[in-house]
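Reading through the structure tokens given below for one structure.
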Amino acid sequence: MNPSQFERKVKQTIQKYNLLKKSDKVLVALSGGKDSMTVLFLLKKFGYDISALHINLEMGKWSEAHLQNIIKFCKELKVPLHVYSVRKELGRSMCSIKSIVKSKAKLQDCTICGIIRRWLINKKARMLGANVVVTGHNLDDASQTVLMNYFKGNLFIGLNEGPKVGIIEDKKFVQRVKPLYFIPEKDVELYSKSQKFPVIYERCPCVVGAYRHKIRQMLDDIQKTNPEIKENIVQSFLKILPGLRKKVLAGKPIYCKICGEPGRKDICRACSIMRYIK
Ligand code: AMP
Ligand code: ZN
């Protein structure tokens, strides 16, 4: 895919799935990786009203290098940036949170980090007055997630999947969207490198050993002889998704008894993790 095909495909995804309007107040969740930096650049280029949000996970030199790249890039693009630190918000670094919670909650490192990040991003987005949060998830992430849920024996975990996230509409939930949902990871990398974005291309140091990593390796391997595999997995899942969603009572969310954030249980997933670190 050349750069103009790449840009056209992202635009088409935004239009086809009604992801963004020019009147939206858009907040791009920036990790500092190639995906979110690319989506930030493109939305600015397409003329959306954007600002950026970064959660500093306080993972030593890794986080510091990402933060510096993010500050530089947002300055270059003239995008307002909001940075929050997990240490300030929750009293500990992400590594410390994970090491305490991991055995007690029987959750994987990446799951713990993901739950805390989503919880913080939703809260901060609401506070900042954004009505849409954009993330950099790509086709590889999407196909891995579908397979992981399948292998767990529960496709219902994926009800929130798709380019436009969520089954429950509520004023406390900020809509999340994924403009790179149909773009293969290798094409995002090519684009980002061709534009010389200030990005570190290594994966998060915690990812090795994670279940997702095994699924990624498996899919990459099969793709060598079956180039369409990731697109096929995602497209076939999207076909059955409306049916899956109908089977579940969407209804109103339950507000967490501890933090007041919307979720599906009396105590939200983030608070059920955070009680171990208090
Ligand atoms: P990941 O779960 O690391 O694959 O990240 C998926 C998406 O979540 C990224 O493309 C970003 O849009 C967002 N994201 C990840 N980490 C952060 C972070 N530390 N701060 C803000 N957004 C993030
Ligand atoms: Zn809660």
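Brief remarks on what is shown
- The set of residues from segment 248-263 being touching a residue at least 60 places away in the same chain (Cβ under 8 Å) and more than 10 Å from ligand 2 (Cβ to nearest atom) comprises VAL248, ALA250, GLY251, LYS252, PRO253.
- From the list SER99, SER103, SER143, SER93, the one residue that fits, being hydroxyl-bearing (Ser, Thr, Tyr) and modelled with pLDDT of 95 or more, is SER143.
- Within the option set PHE237, PHE197, being of a type in the set (Phe, Trp, Tyr), more than 30 Å from ILE100 (Cα to Cα) and more than 15 Å from ligand 1 (Cβ to nearest atom) holds for one residue only, PHE237.
- Considered as a group, the residues in segment 46-61 that are part of a helix (DSSP H, G or I) and modelled with pLDDT under 95 include one that is surrounded by the fewest Cβ atoms within 10 Å (Cβ to Cβ), and that residue is LYS61.
- Taken together, the residues in segment 62-89 that are open to solvent by 90 Å² or more (accessible area, probe 1.4 Å), polar (S, T, N, Q) and either in contact with a Cys (Cβ under 9 Å, 6 or more places away or on another chain) or outside any helix (DSSP H, G or I) (or both) amount to 0.
- Within segment 66-75, at least one residue is among the polar types (S, T, N, Q) and within 20 Å of LYS196 (Cβ to Cβ).
The values are calculated or read from the model by the stated rules, or taken from the named source; none is laboratory data. Source: prediction; values computed, not measured. Using ideal geometry, Cβ is built from the backbone for each residue, glycine included, and neighbour counts are taken over all protein chains shown. Note: areas computed on protein heavy atoms with side chains; ligands, DNA, RNA excluded. Shrake-Rupley method; radii C 1.70, N 1.55, O 1.52, S 1.80 Å.
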